[in-house]
Every structure is written in C-alpha cells, then in structure tokens.
Amino acid sequence: MPGGLASDGPDEQDPEAEQTTPEVEVELRPRGKFRIWQVAPIVVLAGLGSLMFAFPLAFGTGDGGSVIAMLGLLLGCCAAGWGMTTARKVGYTWPGLPAKSSGERADWRFVALYTAIAALVVALAVWRVARLR
C-alpha cells in the first residue's frame, strides 16, 4: 500500500503511523465577558462617588464640603479599583502589563507612567479639596 495506509486504517507494518499525529489542546471555556451583575455595582459606586466629589467642589457647601468631597474621592477610587479587578478577572489588561498568570514581567516604563498619572490625579484632587477650607 502506498503511504502506509489501508482503506480501514494504518498499515500494521508501520507502528509509528499512529504516534506521529500531533495532539491539539483546545480551551473549552469561552473568553470571559462582563456580566451585568459585575458592572452594575461598579457603575453605581462610581456615580455616587463622583457626585459626592463634584457637588461640594462646585457649590462650596460649607465646612463639611471637604469631608464629603474626600469621601466621594475615596468611593470613586474604590470603584476604579473594583472595575480594574473585575476586568483583570475576565482577561483584560492595561497596555504594557502582562496577562493574568502569563509569567511575564510588566514593563517598568508603563508601571512608572501609570503610577505618575495616578499620583498626579490624587495630588490635584487633594489640592482642590484643601482649597475648600
């Protein structure tokens, strides 16, 4: 028989014919997606935090305005962290950061950039709230 195959399977003279077939691994789980029960609390918390932060800053509501604004900033930051954690669980990553459990190291330039941006935003927010007094 040419090629070592008979009409009903591999030829018995060639025992390696079965072993040369490559195995293919297929991921059975579908790609992660955001579900409404994951996104809704994050959106509500972010909205509440941003409103609590914005109203005292915009309207200057007395002595308690700075406390309310800082609490709103805290809630907004919690929502952002919660959102990033949820996104990481479904497989999304920030540019320059490796995928979850990939074993790769993060690019230090991106980490420094993200840290500088976060520090700038927090410094501006604290400076603005401090000016309320």
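The values are calculated or read from the model by the stated rules, or taken from the named source; none is laboratory data. Keep in mind the model is a prediction, meaning the values are calculated, not measured. Side chains included, ligands, DNA and RNA excluded: accessible areas come from the protein's heavy atoms. Shrake-Rupley method; radii C 1.70, N 1.55, O 1.52, S 1.80 Å.
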With the calculation restricted to Cα positions, what are the radius of gyration and Dmax of the stretch 43-133 in angstrom? 16.2, 51
So, taking all protein chains as they sit and a 1.4 Å probe, how much accessible area belongs to ILE42, in Å² rounded to tens? 30
For MET84 the rounded accessible area (nearest 10 Å², probe 1.4 Å, non-protein molecules ignored) is 90
Taking ARG88, ARG131, ARG35, ARG105 and ranking on accessible area (1.4 Å, protein atoms only), highest first, one gets ARG105, ARG131, ARG35, ARG88
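Could you order ASP107, ASP63 so the one with the most accessible surface comes first? Probe is 1.4 Å.
These residues rank, largest area first, as ASP63, ASP107.
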Ordering TYR114, TYR92 by accessible area with a probe of 1.4 Å, largest first, what comes out? TYR92, TYR114
